[in-house]
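Undergrad: Dropping a structure here in structure tokens format, bear with me for questions.
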Amino acid sequence: MGKFYYHTTAQDHLRNFNKTLGFALFFERHERQLRVWQVCKKLKITERELDDIELGRGVLKLNVLKKMLKYYNRRIELRLVAPDPNEPDNAEPEEISEAPDGSFEALEEEIEG
């Protein structure tokens, strides 16, 4: 996985963290070309639970996160770093989009369609 940028002006830092983590997990699923139903069946979770974690919605369910990390053979590494003055912040708010019905499944179909 590469670098992830999530630009927001919102002051809810926990929500921003959840959305960034969710985007990373969404990206991981797409890199592996896995469909929502495949991941849900393997992890024995609902599509709603997967959507919630990938969209950063609601309270982060640690049991679901743990299953996903194990399934993807990944771990979370968190580092606090000073911004690099030579690395511009290229993320624009309009670059981050959500599917019309609020699920990445619909967005996935829109992209593949």
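The values are calculated or read from the model by the stated rules, or taken from the named source; none is laboratory data. Since this is a predicted model, take the numbers as computed values, not measurements. Glycine also receives a Cβ, built like all others from the backbone with ideal geometry; neighbour counts cover every protein chain displayed. When the accessible area is computed, the model is the full protein with side chains, heavy atoms only, and any ligands, DNA or RNA have been set aside. Shrake-Rupley method; radii C 1.70, N 1.55, O 1.52, S 1.80 Å.
Undergrad: Hey, what's the range 15-57 come to in accessible area per residue, 1.4 Å probe, Å²?
TA: Result: 55 Å² of accessible area for each residue.
Undergrad: With all protein chains present, calculate the accessible area of Arg57 using a 1.4 Å probe and round the result to the nearest 10 Å².
TA: Approximately 90 Å² for this residue.
Undergrad: According to a simple spin-label model (label point 7 Å from Cα along Cα-to-Cβ), what is the distance in nm between Val36 and Ala82?
TA: Placing both labels 7 Å beyond Cα along the Cβ direction yields 4.4 nm.
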